[in-house]
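Below: the structure, in structure tokens.
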Amino acid sequence: MGGILIKKQKPIQIFSNKEDQIGVNVVKSPVKLTILEMLRDGDMEFDEIVSNTGKSKSTISVHLKSLREDGIISYRMDPKDNRKKIFYLKSKYLGSVNVCDNKEVDEVKSDFLIDNIVNTDEEFSLLLFHTLRSMLIQEGININPILHDTGVRIGEALFNKIYNPDLDIFIENLADFWKNKGLGKLSVDLGQIIKITTVDCFECVLLPKVGQPVCFLDAGIFEALFGAYFKLPVNVIEVKCYTMGDEQCTFEIEPVGVKKS
């Protein structure tokens, strides 16, 4: 009789560091998480950290060094005793997520995140996506190129999952994926220029009106999918967007270098 595999919840914490231009750091090491939890409550001297973690001084030194190199923490000398270091957070805590998996996940491993977006049966976490996006924008980080490149990688991972040599079935599979993941309602008009329309677009429907399109993640996904399908590079332009005051998002997709008849 087979047993039931219980997958352990593995917490990760997300920090941003604008000052050193490191961007986003994802921390999953249990010892590092313990240290960071304590430092979020206040600055601490080295011996205090050792005492509260129950780990050896050498172990704590290694983790503190790693966190400093990542730009997450720093230290200052104790004004009363310059032989002692007081550690503090120098980055901003963005949030935490519990990851359910039975294998080790490397820190900041985007392949793992992309694989879970494509293959999980759970709906896309809109709240997490928009919260993280908003926080990064507040930190002054231009995330549009990151969103586009991430979209391309998601599209590349998704392609084989929905591919069918019949273009109509391929598009139907894409629309089903969009619906099942809670990403919105997607429809496609075929022609020399392919037009994709999404209603209730997950990427922008909750964002304020800013007068310009913002769906760079979607654009990257469509670029990878249709570029792979037609075996040609394609241009993807978002011509309508909720953030432009439109009632849907519309993307125009056109193969690069193909002359119009």
Please list 3J(HN,Hα) in residue order for region 34-41, calculated via the Karplus relation 6.51 cos²θ - 1.76 cosθ + 1.60 where θ = phi - 60°; whole Hz, with x for glycine and proline.
5, 4, 5, 4, 5, 5, 5, 7
Please list, in order along region 186-197, the HN-Hα scalar couplings obtained from phi with the Karplus expression 6.51 cos²θ - 1.76 cosθ + 1.60 (θ = phi - 60°), rounded to whole Hz, x for Gly and Pro.
10, 9, 10, 10, 8, x, 4, 10, 7, 10, 10, 10
Amide H neighbours of N235 at under 5 Å, excluding residues fewer than 5 places away on the same chain, with H built from the backbone geometry, are E254, V256
Using modelled amide H (1.01 Å from N, peptide plane; none on Pro or chain starts), what sits under 5 Å from the amide H of K84, excluding residues fewer than 5 places away?
D78
HN-Hα couplings for region 231-247 via Karplus (6.51, -1.76, 1.60; θ = phi - 60°), in whole Hz with x for Gly/Pro, come out as 6, 9, x, 10, 9, 10, 10, 8, 9, 9, 7, 4, 6, 9, x, 7, 9
Projected label distance in nm at K92 and D149, using a 7 Å step from Cα toward the beta-carbon:
2.1 nm
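A short reminder: the numbers here are calculations on the coordinates, not readings from a lab. No experiment lies behind these values; they were computed from the predicted model shown. We place every Cβ from the backbone using ideal geometry, glycine too, and count neighbours over all the protein chains shown.
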